[in-house]
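Read the structure below first, then the notes.
The values are calculated or read from the model by the stated rules, or taken from the named source; none is laboratory data. What you see is a predicted model, and the numbers here were worked out from it, not measured in a lab. So basically every Cβ, Gly included, is an ideal-geometry build from the backbone, and we count neighbours across all protein chains shown. Just the protein is used for accessible areas: all its heavy atoms, side chains included, with ligands, DNA and RNA removed. Shrake-Rupley method; radii C 1.70, N 1.55, O 1.52, S 1.80 Å.
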Amino acid sequence: MEFKAVRGTKDILPDTVKVWQYIEGKAKKILECYGYQEIRTPIFEETNLFVRGIGETTDIVSKEMYTFLDKKGRSLTLRPEGTAPVVRAYIEHRLDTRGSPIRLYYFGPMFRYERPQAGRQRQFWQLGIEVLGTSHPSIDAEVIDMTMYLLQELGLNELEVQINSVGCGVCRPRYKEALIRYLSPFFKDLCKSCKEKLSRNPMRILDCKVCFDLKISSPVMIEFLCDRCKDHFEGVKEYLDMLEVTFILKPHLVRGLDYYTNTCFEIIDKNLGAQDAVCAGGRYDGLVEEFGGKPTPAFGASAGIERIIVALEKQGVDVPSSTKVDVYFATIGSRVKKKVFSLVKDLRKKDISTIFEWNDKSLKASLREANRLRSRFVVIIGDTELNRNQAILKDMETGEQKEISLSGLVNVISNLLRRGCK
RNA sequence: GUGGGCGUAGCUCAAUUGGUUAGAGCGAAGGACUGUGGAUCCUUAGGUUGGGGGUUCAAAUCCCCUCGCUCACCCCA
């Protein structure tokens, strides 16, 4: 085989597309029900947007971006995440002037150059949610509740919400100091990469599975929160309780993107492997300002569609069946085909999905094909029927068939379908 | 980027452990039924055994390289 989908990418074939449509459909319905509006941003951006937004030392920026120069020599990057572009658009189009807060969502592919694994691809789709313009803790709870609700509605029920606070510019530095003070005596016990992290970004050590033992008794961020962060975090927990969202406090939970402040959360699915987060996010109160906008608090979340699909499969969730054909034309001979071809459009104009094949198949083959396509009706026309301006209408569920006049065909079929034969 | 496992028809898997012509089920096409689907039976098509090199009288099988898939680390959705 000469060409293949490139490493880390996948074709979504018709059988699977129905799952995607199912997820998209439910997501759109639920998000709009919560008052969220869709936004679509370009798939690539200026490289610096991500470097500044996500953070230069993060893995995403330092080794996972698809960056290229265009013909004018501009450095562009295929978006590795959706928050930075949305924030850019928010500032660029002054979305703050349309009332506050603004509730947005998006759905689209992201790109990261990583080694593919269960639940991890190089092109993957995210459903993202961003609320800009409010620091109220109820928003944090609203988004977590909404994503939980969506995941549950899709059919997942082995979920767990984990939350933590990563503090702010005031309290985080104090915590980092304490963490470094605690870890330094154990320097020799840290794994290679954590040794480097200690001075650069000590909080990421908490994410390391190798150095797990050390962190068990390490100081935790929530004990160092400043009054504002503490109040906020207490508020989030209170609102989650009010919405009856059960959550687990994970004092070691941190995020891999630098823009997060205060609340952060993950929703994991217990049926998944190592990559078990189906949704994650948090507050990013400093990002709008970082990009040159007015100080604007914000909260966001994103869900990995492929992971949701894997989780749905593992749980054996039955996805509603895909589209189905209403009418299949089984015509015999080219004389008939020429005469009848235009009828097909009349049906389609009435919203009746119709298939007509020009190539000569045996009647048996045509019916087999109609059956495979799960067509509701088959219209059979040969010379005998055409000479009398008739057609045979076959009901594929009951197997019954009757003759009807060609001129009345469209109306008869459309009435039958309307009566619930669909 | 590192490590483990695995690459055989479209799909799921066989091939007596190195033995000559690589098989089966599902799927596809056709037929039994010359103008009637799904069930049954029959027939047919479909393979450079991922690719390249090597060892051997002989390689799907052993060795090396390479590509890919997969799982884990790392990281993250």
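Report the gain in length on full extension from A:K402 to A:T97: 0.36 nm times residue separation, minus Cα-Cα distance, nm rounded to one decimal.
Once the chain is fully extended between A:K402 and A:T97, it gains 103.4 nm.
Please work out how much length the chain gains when fully extended from A:A365 to A:Q275, using 0.36 nm per residue of separation minus the C-alpha to C-alpha distance, in nm with one decimal.
Roughly 27.8 nm would be gained on extension.
Taking the Cα-to-Cβ direction at A:K188 and at A:K29 and moving 7 Å from each Cα, how far apart do the two end points lie in nm?
Simple spin-label model gives 6.2 nm for this pair.
Return one whole number: the accessible area per residue of chain A in Å², for a 1.4 Å probe.
Per residue, chain A has an accessible area of 52 Å².
Between A:V410 and A:R74, what is the label-point separation in nm under the 7 Å Cα-to-beta-carbon projection?
In this crude spin-label approximation the distance works out to 4.9 nm.
For segment A:327-417, give the share of DSSP beta bridges that are antiparallel, in percent and rounded to the nearest 5; count only bridges with both residues there.
Roughly 55 percent of the beta bridges in segment A:327-417 run antiparallel, per DSSP.
Checking the a/c ratio against 1.5 first, then a/b against b/c, what shape does the Cα gyration tensor give for segment A:274-344?
oblate
Please give the contour-minus-distance gain from A:K18 to A:W358: 0.36 nm per residue of separation, less the Cα-Cα distance, rounded to one decimal in nm.
Full-extension gain reported as 119.6 nm.
Ranked by accessible surface with a 1.4 Å probe, highest first, in what order do A:S321, A:S135 come?
The most accessible residue leads, giving A:S321, A:S135.
Could you pull out every one of the lysines with an alpha carbon less than 27 Å from that of A:K29, ignoring same-chain neighbours closer than 8 positions?
A:K10, A:K18, A:K237, A:K270, A:K314, A:K324, A:K350, A:K422
Quick check: from the Cα gyration tensor, does segment A:327-417 come out rounded (a/c under 1.5), prolate or oblate?
Rounded shape, in that the Cα axes give a/c under 1.5.
Once you list every other residue whose beta carbon is under 13 Å from the beta carbon of A:N387, what net charge do they have if Lys and Arg are +1 and Asp and Glu are -1?
It works out to a net charge of 0.
So, in nm, how far is label A:N48 from label A:E223 when the simple model puts each one 7 Å beyond its Cα toward the Cβ?
Roughly 4.3 nm, to one decimal.
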